[in-house]
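What follows is one structure encoded as structure tokens, with my remarks underneath.
The values are calculated or read from the model by the stated rules, or taken from the named source; none is laboratory data. None of the values given here were measured: they were computed from a predicted structure. Every residue, glycine as well, gets a Cβ built from its backbone with ideal geometry; the counts of neighbours run over all protein chains shown.
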Amino acid sequence: MRLIIGCTIRIFNFIPLFLVIMSCNHTPSKESEILSMPLELTLERFDKKFHLSPTEDLPQLKAHYPFLFPDRFNDSVWIRRQKDSLQLLLLENVEAKFPSMEPLENNLEYLFKHLKYYFPKTPIPRIIGLINNVDYQSKTIYSDSLLLISLDTYLGAEHELYEGIPQYIRQEMDVKYLSSHVADKFAEYKIPPPKDRSLLSQMIYFGKKIYFKDWVLPGLTDAQKMGYTDMQLQWALENEIYMWQYFVERQLLFSTDPALANRFIEPAPFSKFYLEIDNDSPGRIGIWLGWQIIKSYMERYPETQIQTLLSLPEQTLFSKSNYKPRR
């Protein structure tokens, strides 16, 4: 098998919005209807309230944010944390990065307008910004009524505080990926788990989460939806046919070997073909291919509604997709 390395980097950020919309089963009139929906979000700055409030205000904070103060810790823990030098340094950097919450609120309003349009019963959560020791595994926590955002994990991939964090993780520690991360969490509530443990089913299951963003985040670039850089996306586009040949020739698609998820589904610095070009590939490439299969299905059945697609069994979707990678 031969994999090629992309030579020309396309600048996806400048694709006109109307082209993105039209490619994702949106029409300009539908998008106009969605964006005109009355919805306003406010991001509460718990981090500022906590660290800049006097100690005597702690009872009021605990009453207003009980879910952020586990009972197993006594007040002395919170008092020390309020004045901890590391926490104050993180707050200082968050303040410098986000002098206003309006851009974040606008991005989240855009997402939740689309969620409300396609899922009218979606409640608008209470949105709270906090500092969480740069815990990049918990950048966002979402439930029906609550959305927690660790602002200290969105300072930018090259921020000095992220030194020592692997590059493949740091690249998503940027606010341009925030709404994509929240959409991921919402999609988990809407997409049934795979019907089997095959690699193909996992590819399509996680690919559904990305295609979900084609509906609810049509203004994002494909790179942002995947958590890729533009260069990584370009590599995937230029190597699609060779990757697919690799999976088919080695009979990996219907394999249930758990090691395959680590190689092609889980976050990683690169995907593991065990070839010398591995370092050039982005991680989670199996998810990207699953997304392409779903796009192929939707090209054949464009009338499919979002709820139908998300619940469609993976093997059924694949068999009807007639997927053929671009040459």
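Among the residues of the range 122-156, those that are aliphatic (A, V, I, L, M), more than 18 Å from the chain's Cα centre (by Cα) and farther than 23 Å from V216 by Cα comprise L130, I131.
Just so you know, in the range 90-114 the residues that are of a type in the set (F, W, Y) and in a helix (DSSP H, G or I) include one that is surrounded by the most Cβ atoms within 10 Å (Cβ to Cβ), and it is F112.
Is it the case that some residue within the range 119-139 is under 19 Å from M37 (Cα atoms), assigned to a helix (DSSP H, G or I) and in contact (Cβ under 8 Å) with a residue 60 or more places away in the chain? Within the range 119-139, none of the residues are under 19 Å from M37 (Cα atoms), assigned to a helix (DSSP H, G or I) and in contact (Cβ under 8 Å) with a residue 60 or more places away in the chain. Scan the range 176-196 for residues that are surrounded by 13 or more Cβ atoms within 10 Å (Cβ to Cβ) and within 23 Å of L43 (Cα to Cα) and jot them down. Passing the criteria: K176, Y177, L178, S179, S180, H181, V182, A183, D184, K185, F186, A187. Quick check on D75: is it at pLDDT 95 or above, surrounded by 12 or more Cβ atoms within 10 Å (Cβ to Cβ), not aromatic (F, W, Y) and not assigned by TED's automatic domain parsing to the domain that holds S281? The answer is no for D75. For K209, the stated conditions hold: it is outside the structural domain of E172 (by TED's automatic domain parsing) and not aromatic (F, W, Y).
Going through the range 255-304 one residue at a time, which ones are at pLDDT below 95 and either among the polar types (S, T, N, Q) or closer than 18 Å to G207 by Cβ (or both)? If the condition is that a residue be at pLDDT below 95 and either among the polar types (S, T, N, Q) or closer than 18 Å to G207 by Cβ (or both), then N279 is the only one that fits. So is E158 modelled with pLDDT of 95 or more, of a type outside the set (A, V, I, L, M, F, W, C), in a loop (DSSP other than H, G, I, E, B) and surrounded by 18 or more Cβ atoms within 10 Å (Cβ to Cβ) or not? No: the conditions fail for E158.
Taking residues in the range 89-100 that are closer than 9 Å to D152 by Cα, and partners anywhere that are among the β-branched types (V, I, T) and surrounded by 13 or more Cβ atoms within 10 Å (Cβ to Cβ), the pairs with Cβ atoms closer than 9 Å and at least 6 places apart or on different chains are L90/I131; L90/V134; L91/I131; V94/I131.
Report whether or not L312 is surrounded by 19 or more Cβ atoms within 10 Å (Cβ to Cβ), assigned by TED's automatic domain parsing to the domain that holds I241, modelled with pLDDT of 95 or more and over 19 Å from M226 (Cβ atoms).
The answer is yes for L312.
Within the range 45-53, one or more residues are part of a strand (DSSP E or B) and at pLDDT 95 or above.
The single condition from (1) assigned by TED's automatic domain parsing to the domain that holds Y117; (2) out of contact with any Gly (no Cβ under 8 Å at 6 or more places or on another chain) that L43 fails is (2). Of the residues in the range 296-305, not one is under 16 Å from V248 (Cα atoms) and among the hydroxyl-bearing types (S, T, Y).
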